[in-house]
1. When you scan the range 10-27, how many residues do you find that are modelled with pLDDT of 95 or more and assigned to a loop (DSSP other than H, G, I, E, B)?
2. With the condition being farther than 27 Å from residue 1 by Cβ and open to solvent by 40 Å² or more (accessible area, probe 1.4 Å), I'd like the strands (runs of 3 or more DSSP E) fully within the range 31-121 carrying at least 2 qualifying residues.
Amino acid sequence: QVQLVESGGGLVQPGGSLRLSCAASGTIFSINTMGWYRQAPGKQRELVATTTSANSTNYADSVKGRFTVSGENAKKTVYLQMNSLKPEDTAVYYCNAVLRKGSAPREYMYWGQGTQVTVSS
């Protein structure tokens, strides 16, 4: 079984910063992509940022220049540094991983349990 455990959410004032972490554990042969999605109340889950094993990153337009995603392959961990936070960044943030469990090419997708980020004065 594979688990993704997130940490680092909380309450922050507008303009503040938070850092989210997500660690993967379990039967993992290799991780192709790890990243973050978020879901605000009444809205669909959306991409925030992802990073690949080749260190290629992808960001939602709404967070470019403010958020930075990074990964530590050896630790099977991904981070999301969030700066200049805005009230519209308030959401549950979910860690996501696309990985292989063995030498076969089949990929699996997993989600973390989510961590709440609230930006409010």
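The values are calculated or read from the model by the stated rules, or taken from the named source; none is laboratory data. Computed from a predicted structure; not experimentally measured. Glycine gets a Cβ as well: all are built from the backbone with ideal geometry, and neighbour counts include every protein chain shown. Accessible surface is based on the protein model in full, side chains and every heavy atom, while ligands, DNA and RNA are left aside. Shrake-Rupley method; radii C 1.70, N 1.55, O 1.52, S 1.80 Å.
1. Of the residues in the range 10-27, 5 are modelled with pLDDT of 95 or more and assigned to a loop (DSSP other than H, G, I, E, B).
2. Details: elements: 46-52, 57-59, 67-72, 77-82, 91-100, 108-111, 115-119.
It comes to 57-59.
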